[in-house]
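Engineer: Sharing a structure, written as structure tokens. Questions coming.
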Amino acid sequence: MPATWYFEVKNYLVFLVVHLKANLYQTKTNMKTRNFLTAAVLLTLFVSSSFSQTSYNFNDGMNAAKSNGKKIFLDIYSASDNWSKKMDSEVYSSDKVKAALSNFVFIKLNADGQEKCSYGKKEYTAAELAKVFDGTGYPTFLFLNSDGSIISFKLNNEQTTYLSGFLGEADLVEMLNFFAQNKYKDTDLSTVFNN
């Protein structure tokens, strides 16, 4: 489930706004209450925009992709891997990356995890599913269609379904745009990276 705390905070703020708005009209409260109401609305908008692209766990992400028809960007990571940590701290936090990710359902799959995942009418642990997707080096990136089928593409004139290794902000944005624009159908991915 994507950022559960975010939804709890957002739901609380929505409740607070509705409650205060009702009180505002009933009692014609003073300016401080109106200012507080305005601040609560602005805070809700800020929280919504700041976390507009969150990552999903595998099952929730697959369901989200099916319901909205978006491709899936799958990041297979290991919590103990330094390159995976660097992706989180330096790359996924970038506004450019967040904007490019908005074209996808972003799923993070912990290659060491034991949570249950459903894929292809089978049940796996996250660790087992990572191996099904050939996630043995971290991070490993895959793209899937909204129905869960794996997207195949060319990389250095070889047909593949995944890319492993750290990607900086510029290369990740290029790769995300490459798949969002369906260039993988007729262009080698290696031609888009800024080396």
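Every number here is computed from the coordinates shown, using simple stated rules; none is lab data. Since the model is a prediction, treat every value here as computed from it, not as a measurement. Here Cβ is always computed from backbone atoms with ideal geometry, including for glycine, and neighbour counts include all displayed protein chains.
Engineer: Sort 129-135, 160-166 by packing, meaning the average of other beta carbons within 10 Å per residue, with the highest value first.
Structural biologist: 129-135, 160-166
Engineer: What is the diffusion coefficient of the stretch 58-191 in µm²/s, taking the Kirkwood radius over Cα pairs and the Stokes-Einstein relation at 37 °C with a viscosity of 0.692 mPa s?
Structural biologist: 220
Engineer: A further question follows. Show the residues, 5+ positions off or on another chain, whose built amide H is closer than 5 Å to the amide H of Ile151.
Structural biologist: Phe143, Leu144, Asn145
Engineer: When 1/r is averaged over all different Cα pairs and the result inverted, which Kirkwood radius in Å belongs to the stretch 94-147?
Structural biologist: When all Cα pairs of the stretch 94-147 are included, the Kirkwood radius is 12.5 Å.
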